[in-house]
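The values are calculated or read from the model by the stated rules, or taken from the named source; none is laboratory data. In this text, all values refer to a predicted model and were calculated from it rather than measured experimentally. Here Cβ is always computed from backbone atoms with ideal geometry, including for glycine, and neighbour counts include all displayed protein chains.
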Amino acid sequence: MSFPEILESLLRQRGVGKEAEEEFLNPKYESLHDPLLLPDMERARDRVIEAIKKDEHIFVFSDYDADGIPGAVVLSDFFKRIKYENVSFYIPHRHDEGFGLSTDAIDVAVSKKAKLLITVDCGTADIKEVAYANKKKIDVIITDHHLPAQSGESNELPKAYSIVNPKVAKSKYPFKELCGASLAYKLVQAVYAKEKFGTKEGMEKWSLDMVAIATLSDMVPLVGENRILARFGLEVLRKSPRPGLQAMLQKLNIDQRHITEDDIAFMITPRINAASRMGKPEDAFNLLATTNPEEAEILAAHLEKINNERKGVVAALVKDAKKHLGARENLGDVIVIGNPEWRPALLGLVANSIVEEYMRPVFVWGRDGDGILKGSCRSYNGYDLFVLMNAAKKDFIQFGGHAGAGGFEIEMEKLPTLEENLSKALEKLSMTEKIENNGIEIQIKNVCEDLYKTLSMLAPFGIGNLKPVFRIKNAEIKSIRQFGKSNDHLEIVLSNGLKAISFFASPESYNLEPRSHKLDLDAHIEKSYFRGRPDLRLRIVDIN
């Protein structure tokens, strides 16, 4: 059984015309753009090669999240492969140092007699810090995908040796939406294209597992080059020999051979981020970079422990936030909520949860150890957060990020009017182009292995390439039950034995009556490999 009409409908939903079908369904690694098209890439490449040949100390400074850390591992892989040891890695402490370069980190680089500093997933906004590095006779190569930080009318760039960023004004790179780790990978590609350093052709492709994790973690659209990098990166992930990755997957009961984008987003990414939110970001870097199985086991167990601690803290924050939102008489088109007692490092997760429930952009603020009010924001429905914040820039001390996620600093006196100002700005904001993910009506008998294989041709799914939704009408119910350790997940078995599940839900979540016999269901089609058993099932989106 084949489903050409469904495939065609889904392609048209995604704006893929007949002429582009083959490229979309069968992306080719060779279709990636030449790294040298990126601004300053040739200059960056030559400086890295020069540093290696002169045996200069190279200092790699990366962000502490699930983009920056995998990006640092990409560079670590590169230096290990060429057997270059005069290199060190620095990942800032999220709470004590915050985002971006710091003079303290540069002082560490000076103490190591570094001559070259490479940033990963940060640096574009760090004007003063780069100037300080220049003063210390350290060349700075910035690899980053963030827009310059906005502060008043300033949009200045740091005076770095090179800025490899597809979003800076002078960039003519054909694809603007690469994540930070992808740009680190592009730098490695550029170096290898000119100088192999005794390595075999194509060895850099083994680092695509890290690029996939970062791409799928960082809320960048899964189109163009990101689609290519994510798809081939998932293939590498399924074969990756990394002991740390294997130890983590084993603890999560994930079959590495069948790992999916959902496994990354919901299982791997939180554990990488937990390292910086609850402890030391180096733990996540060391887990992914280590070649020692014993060290991998210890670090995987540690990340699992602190991730469980993180869940408890975030759950309490979300409960507190929703309690306050529930007490409000009116909510704006943009939600702003916060508390001076809340820790800024965890607020992106709180924002995610509120977005899911209230279905609008959310800004959540707290106060760090220095008394500065900082927050995280998450988008909804295709709105570009950076454009939104720029429209209300007078309310912020500074802000940064990209379309789907960002961060900001604000003065206390600006908070009372921030929600109103952002909501007014949203009214004037046009949405970015996005896929209309309208449900395609099918019969329950069509939910089969062949349809799943058809859908797999469109994967990986994420922002810009949403997972298809199907509508099944008048589905007969065989049974309803709660499952999981705490019985907090919902399972509905339909008349033909097909299961429909919803995590952290109950019959009351969908207003199901105890004696319901039929339902209209909106759902994704997915395959679970829990405990090694393939199980085709539905993931509930909504019940009517």
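Below is a table of values for the structure above.
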{"read-out": "Test: residue in the range 26-38 that is touching a Ser or Thr at 6+ places or on another chain (Cβ under 9 Å) and crowded, with 22+ Cβ neighbours inside 10 Å", "value": "yes"}
{"read-out": "Checking Glu204 against (1) under 20 Å from the mean Cα position of the chain (by Cα); (2) assigned to a helix (DSSP H, G or I); (3) among the charged types (D, E, K, R), the condition it does not meet", "value": "(1)"}
{"read-out": "Checklist (1) farther than 24 Å from Ser182 by Cβ; (2) surrounded by fewer than 19 Cβ atoms within 10 Å (Cβ to Cβ); (3) assigned by TED's automatic domain parsing to the domain that holds Glu204; (4) hydroxyl-bearing (Ser, Thr, Tyr) applied to Ser9, failing item", "value": "(3)"}
{"read-out": "Out of Glu427, Glu357, sole residue that is under 25 Å from the mean Cα position of the chain (by Cα), surrounded by fewer than 16 Cβ atoms within 10 Å (Cβ to Cβ) and either on the phi < 0 side of the Ramachandran plot or acidic (Asp, Glu) (or both)", "value": "Glu357"}
{"read-out": "Residue match in the range 102-116 (condition: of a type outside the set (Ser, Thr, Tyr), touching a residue at least 24 places away in the same chain (Cβ under 8 Å), in a loop (DSSP other than H, G, I, E, B) and within 18 Å of Gly407 (Cα to Cα))", "value": "no"}
{"read-out": "Close pairs (6 angstrom Cβ cut-off, 6 or more residues apart or separate chains): closer than 15 Å to Ala403 by Cβ in the range 161-176, modelled with pLDDT under 90 anywhere", "value": "Lys167/Leu147"}
{"read-out": "Some residue of the range 61-73 being free of Cβ contacts under 8 Å to residues at least 12 places away in the same chain and either within 23 Å of Val140 (Cα to Cα) or in contact with an Asp or Glu (Cβ under 8 Å, 6 or more places away or on another chain) (or both)", "value": "no"}
{"read-out": "Scope the range 107-141; condition β-branched (Val, Ile, Thr) and crowded, with 24+ Cβ neighbours inside 10 Å; matching residues", "value": "Ile118, Thr119, Val120, Thr124, Val130, Val140, Ile141"}
{"read-out": "Test: residue in the range 474-483 that is on the phi < 0 side of the Ramachandran plot and either within 28 Å of the chain's Cα centre (by Cα) or part of a loop (DSSP other than H, G, I, E, B) (or both)", "value": "no"}
{"read-out": "Residues satisfying the stated conditions in the range 250-301, i.e. among the aromatic types (Phe, Trp, Tyr) and in contact with a helix residue (DSSP H, G or I) (Cβ under 6 Å, 6 or more places away or on another chain)", "value": "Phe285"}
{"read-out": "Subset tally (residues that are over 25 Å from the mean Cα position of the chain (by Cα) and farther than 30 Å from Ile141 by Cβ) for the range 1-44", "value": "16"}
{"read-out": "Test: residue in the range 410-432 that is under 30 Å from Glu97 (Cβ atoms), at pLDDT below 90 and not assigned by TED's automatic domain parsing to the domain that holds Gly464", "value": "no"}
{"read-out": "Residue in the range 506-524 that is of a type in the set (S, T, N, Q) and part of a strand (DSSP E or B) present", "value": "no"}
{"read-out": "Residue list for the range 211-263, filter: among the β-branched types (Val, Ile, Thr), under 22 Å from Asn292 (Cα atoms), touching a residue at least 40 places away in the same chain (Cβ under 8 Å) and not assigned by TED's automatic domain parsing to the domain that holds Ser62", "value": "Ile254"}
{"read-out": "Residue check for Met267: within 23 Å of Leu299 (Cβ to Cβ), of a type in the set (A, V, I, L, M, F, W, C) and in contact (Cβ under 8 Å) with a residue 40 or more places away in the chain", "value": "no"}
{"read-out": "Residue list for the range 265-295, restricted to those being touching a Pro at 6+ places or on another chain (Cβ under 9 Å) and under 18 Å from Arg238 (Cβ atoms)", "value": "Leu288"}
{"read-out": "Given (1) at positive phi; (2) surrounded by 22 or more Cβ atoms within 10 Å (Cβ to Cβ), number of the condition Tyr185 does not satisfy", "value": "(1)"}
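So that you can scan it fast, the table gives a plain yes or no per residue for (1) under 28 Å from Met210 (Cα atoms); (2) within 19 Å of the chain's Cα centre (by Cα); (3) surrounded by 14 or more Cβ atoms within 10 Å (Cβ to Cβ); (4) not polar (S, T, N, Q):
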| site | (1), (2), (3), (4) |
| --- | --- |
| Ala284 | yes, yes, yes, yes |
| Ala296 | yes, no, yes, yes |
| Val336 | no, no, yes, yes |
| Asn339 | no, no, yes, no |
| Ala351 | yes, yes, yes, yes |
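Yes/no matrix, rows are residues, columns are (1) under 28 Å from Ile463 (Cβ atoms); (2) assigned to a loop (DSSP other than H, G, I, E, B); (3) in contact with a strand residue (DSSP E or B) (Cβ under 8 Å, 6 or more places away or on another chain):
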position: Glu19; (1), (2), (3): yes, no, no
position: Pro27; (1), (2), (3): yes, yes, no
position: Pro39; (1), (2), (3): yes, yes, yes
position: Asp46; (1), (2), (3): no, no, no
position: Ala66; (1), (2), (3): yes, yes, no
position: Glu85; (1), (2), (3): no, yes, no
position: Ser88; (1), (2), (3): no, no, yes
